[in-house]
1. Relative contact order, percent, of the chain when contacts are C-alpha pairs under 8 Å separated by at least 6 residues?
2. How far is helix 37-54 tilted off the main Cα axis of the chain, in degrees rounded to 10, range 0 to 90?
3. Suppose each label sits 7 Å from its Cα in the direction of the beta carbon; what would the residue 171-residue 40 distance come out to in nanometres?
4. What do you get for the angle between helix 296-306 and the principal long axis of the chain? Use alpha-carbon atoms, 0 to 90 degrees, nearest ten.
5. Rounded to the nearest 0.05, what FRET efficiency is calculated for residue 82 and residue 154 with R0 set to 51 Å and r the Cβ-Cβ distance?
6. Can you tell me the length gained on complete extension of the stretch residue 464 to residue 54, counting 0.36 nm per residue apart and subtracting the Cα distance?
7. Which of 218, 320 comes first, and how do the rest follow, when ranked by fewest Cβ neighbours within 10 Å?
8. Obtain the nm distance between the two label points defined at residue 132 and residue 341 by a simple spin-label model: each point lies 7 Å from its Cα along the Cα-to-C-beta direction.
């Protein structure tokens with residue numbers, strides 16, 4: 001079930017999936033093969049770290065900051081679009097919708113929108129973020145296993161695409177469609193039940209996944225076909241089989257199952273009722289080095305080989321990639337406050353820990369992160385490796401970003417760069433110890449050999465922490 005590993009040959013996808021499952025990480029900053037765009041990204045990162053220190057974004061009074069590589073994000077969006085353009089006939093409707101949960105920041109959504117990427121949302125908050133970023137309704141997709149009637153009503157009024165998660169939700173939509181004029185494309189999410197990857201909690205297509213209608217359960221396939229035949233307005237089919245730790249071959253199998261179901265429904269209907277397939281996202285990220293693998297081009301070619309009918313132009317396509325668009329373009333910079341030794345192990349105490357990398361701290365085998373050592377001026381450190389722990393500021397023993405990691409010895413005033421953190425990290429704050437959310441800055445070359453920054457999100461202040469912790473209601477309980 002959740003621990004199932006696909007055995008089909010898929011070297012690039014399987015290796016990338018396994019790298020997030022506890023594989024040893026190389027020392028960050030040591031050349032390990034990046035070239036071309038990857039080497040350019042590393043060079044931009046090194047320049048940005050140095051510039052962040054020089055320009056005062058990081059220092060004794062600001063010991064934690066997060067950086068986003070604007071050029072890299074644009075490059076990823078361009079690579080995604082080009083990969084699918086290469087396998088689809090001209091004129092095929094294709095919407096690449098960024099999974100907002102991966103980086104819920106309005107400026108990021110606006111940047112992606114202007115790069116031709118829409119938004120996949122799964123809550124009223126995410127929808128509000130997408131709308132604030134200017135993403136139009138016809139480039140927005142609503143997915144969630146727990147949509148309220150009010151959420152559905154709003155989506156239908158705006159014309160946002162909606163994928164129903166289950167029979168009860170579909171029945172709720174029935175009532176709304178009868179009383180609402182809508183332009184919303186409507187579909188149903190199915191779970192092809194093709195197995196899981198190396199991280200059980202992220203495997204969405206297992207036999208007992210909470211998402212979608214379980215396709216292989218007794219009577220389910222027949223119910224799905226009948227649901228479409230009874231609803232001519234149901235024109236999309238959605239499945240999401242991938243995430244970190246899931247090999248590409250397994251993802252492709254889920255898409256193939258979805259395509260076969262669409263063909264069956266259209267055959268039974270005697271017409272092309274289903275006109276669009278939403279194949280989800282879930283391309284895994286290589287957290288083991290600076291090399292981008294697998295690539296969107298590799299995945300698109302694999303899909304074209306595994307599911308050739310998907311790319312004949314008869315079906316429009318929707319994708320919902322998140323982590324793969326952002327992860328490698330984010331870096332958290334943490335000042336080393338103190339160093340010590342415990343049990344013969346060197347420990348560098350920094351300001352980055354569970355509040356920015358909760359998954360790594362609580363499940364380090366599944367979510368290892370690379371750390372790069374920089375000196376007090378932001379330059380990459382050299383020198384012999386010393387095995388050391390990189391500790392965070394939270395008051396529990398497990399608050400470690402890395403344990404027993406060989407790095408040039410970190411000293412007070414140096415900086416630990418936490419790499420590949422652009423998705424599911426610094427924009428997903430965990431408020432343990434009421435630690436403040438870090439400031440986030442986008443960066444790009446300034447055209448004169450330097451780096452310019454733009455504020456994406458201001459660092460959280462103590463006053464803001466008090467306000468969101470009930471500060472305006474100090475006497476609310478004592479008055480009862």
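Each reported figure results from applying straightforward, stated rules to the coordinates on display, with no laboratory input. Only a predicted model underlies this, so the values are computations on that prediction, with no experimental measurement involved. Here Cβ is always computed from backbone atoms with ideal geometry, including for glycine, and neighbour counts include all displayed protein chains.
1. Here the relative contact order equals 21 percent.
2. Approximately 50 degrees, to the nearest ten.
3. That separation, rounded to one decimal, is 5.5 nm.
4. For 296-306 against the chain, the angle is about 30 degrees.
5. So, using R0 = 51 Å, E works out to roughly 0.90.
6. Residue separation times 0.36 nm, minus the Cα-Cα distance, leaves 144.9 nm.
7. Fewest-to-most Cβ neighbours within 10 Å comes out as 218, 320.
8. Using points 7 Å along Cα→Cβ, the separation is 4.9 nm.
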